[in-house]
Amino acid sequence: MKKLRLRKGALIGLTMAFVLLYLGTIKAQVDFTFTTNVPDTIYVNSGCSAPLEWGHPESVTAECNTPGCTVTFFDIVSITGMYNIGDQVEAGQTVLVTYRADDDMGSTAFFGFDIDFVDGVEPTFVTASLPPDLTVDCQEDVPDVTPIALDNCPSPGGSSSGVTVGYQGTSGLPSNCTGGMYTRSWIATDVAGNTAVYTQTITVSPDTNNPIIDGSFGADITTTAQCGSEADNLAAYESWFAGQLADFTAAASDPGGCFPPLSITPQTAPAFVAGCGAMPVTFFAFDACGNISSATASFEIVDNSNPITITDADNQSITLQCDGVGDDPQTVIQNYSDNFTVVDNCGAITWSNNYAGLANGCGMTGDATVVYTVTDACGNSDNITVNFTVQDLNSPNIMTGAVDVTVECDGNGNFGDLTNWIFNRAGAIAQDVCTNTNDLILGLNVSSDPTTDDPATALNNAIAAG
């Protein structure tokens, strides 16, 4: 309820909601009071208009304040925009309503107020243009979209689609590896400043899936190659590895992964081990989240051919002389395999034998049957037998002859002195290349004595007989 008093000759203006105009004739003591209950704003409906209603006539009244006066006329005299009460007025319009009051004292006053028609309805997003809530494997799988919004009150000369839609961004983005939830929002703003917000919720699934290995690498595989030289074997292995690496790389995929391509190891062939046997190589495919898959392929060198002795007859007989010339017979027998010629298709060969010493001889002579076995790098083997006879056709050499000795007669035949002299070989020293020195026998020629078998006694008897 608002009351305004208007005096003669005055112009009163109300800046917020009312305009009072006084145009009455100049007469004494004219005074009006206006009382209003009028809205200053009317919000339009979804059709962008509202009826021009402010509660007339009850919402505005006038009283004259001169003692004894009576209001003779009070009513609407004009409405801007050529509107009538009850007409539909569109948003954005301002309507000025003017009243006139007359009293019986001959005074007149004009009173007016504005009503603003305002759009208070927020814009509406077009449902078909809104991205639904999503569950994705990777943030990169979320498509870019621009929603469309319409408004009930277009700008003058515009259309209902004349709404500004702005992207407000996202909440904190989760890791593609651990997954999580985040949102992104758009805001629609119409010409009246009304806004609407749409928020999309996106769930990123955690990446716990290992890469997939398909094709020939679905199970362990083994490739064999016939053994050749070490250089050939190495070349075959490296060529095989390059092919397997290419095949494994092609077979590995990460359908749910977010960071292609996969990392593949090893990229270079592991060290080659010479010889036969399988060499397994395990290939690994792993993604940026640490998920790993692997498959193993094996390269195997095989050899189906035994070593072949080419020029040597089996079970041959060899006679060796124990004469001190060249290597001794024991060394010759141990290394006799150096004399054989062997051909093999699989790299290096090794020799072994079963020699355990000579038998049926004396000193360093005797017989031995020795089996020599040759083995290649793949374990294939062959053997040859040699019968050895070691002979000693050379006599021992006396390096120092017997030495005479003179002793003091002890009255008992000096039997002890004689025994010692004989035991010490009379000081003689002999050597033989095929017999240990301590095993040589040094003898004394003593005349036969039918009375005794003891050489020392016989020698004493001979000395006594002169």
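Listed values, structure above:
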item: When residues of region 301-337 are limited to those that are open to solvent by 60 Å² or more (accessible area, probe 1.4 Å), under 28 Å from ASN380 (Cβ atoms) and not in a loop (DSSP other than H, G, I, E, B), the one modelled with the lowest pLDDT; result: ILE308
item: Scope region 365-385; condition part of a loop (DSSP other than H, G, I, E, B) and surrounded by fewer than 18 Cβ atoms within 10 Å (Cβ to Cβ); matching residues; result: GLY379
item: Members of region 173-191 found to be in contact with a strand residue (DSSP E or B) (Cβ under 6 Å, 6 or more places away or on another chain) and open to solvent by 40 Å² or more (accessible area, probe 1.4 Å), listed by number; result: LEU173, MET181, THR183, ILE187, THR189
item: Where THR457 falls short, out of the listed (1) at pLDDT 80 or above; (2) outside any loop (DSSP other than H, G, I, E, B); (3) of a type in the set (Ser, Thr, Tyr); result: (1)
item: Failed item in (1) surrounded by 12 or more Cβ atoms within 10 Å (Cβ to Cβ); (2) under 17 Å from the mean Cα position of the chain (by Cα); (3) at pLDDT below 90; (4) not aromatic (Phe, Trp, Tyr), with LEU234 passing the rest; result: (2)
item: Top-ranked residue of region 386-401 - restricted to ones that are of a type in the set (A, V, I, L, M) and loosely packed, with under 15 Cβ neighbours inside 10 Å, ranked as nearest to GLN321 (Cα to Cα); result: LEU393
item: Some residue of region 340-355 being over 30 Å from ALA235 (Cα atoms), free of Cβ contacts under 8 Å to residues at least 12 places away in the same chain and open to solvent by 30 Å² or more (accessible area, probe 1.4 Å); result: no
item: Some residue of region 242-250 being within 30 Å of GLU140 (Cβ to Cβ), open to solvent by 40 Å² or more (accessible area, probe 1.4 Å) and among the aromatic types (Phe, Trp, Tyr); result: no
item: Given (1) within 18 Å of the chain's Cα centre (by Cα); (2) open to solvent by 30 Å² or more (accessible area, probe 1.4 Å), index of the condition PHE283 fails; result: (2)
item: Of all residues making up region 179-228, the number that are under 33 Å from the mean Cα position of the chain (by Cα), closer than 30 Å to PRO307 by Cβ and either assigned to a loop (DSSP other than H, G, I, E, B) or small (Gly, Ala, Ser) (or both); result: 1
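The values are calculated or read from the model by the stated rules, or taken from the named source; none is laboratory data. These numbers come from a predicted model, not from an experiment. With ideal geometry, Cβ positions are generated from the backbone for all residues, glycine too; neighbour counts draw on all protein chains shown. Heads up: the accessible areas ignore ligands, DNA and RNA and are worked out on the full protein's heavy atoms, side chains in. Shrake-Rupley method; radii C 1.70, N 1.55, O 1.52, S 1.80 Å.
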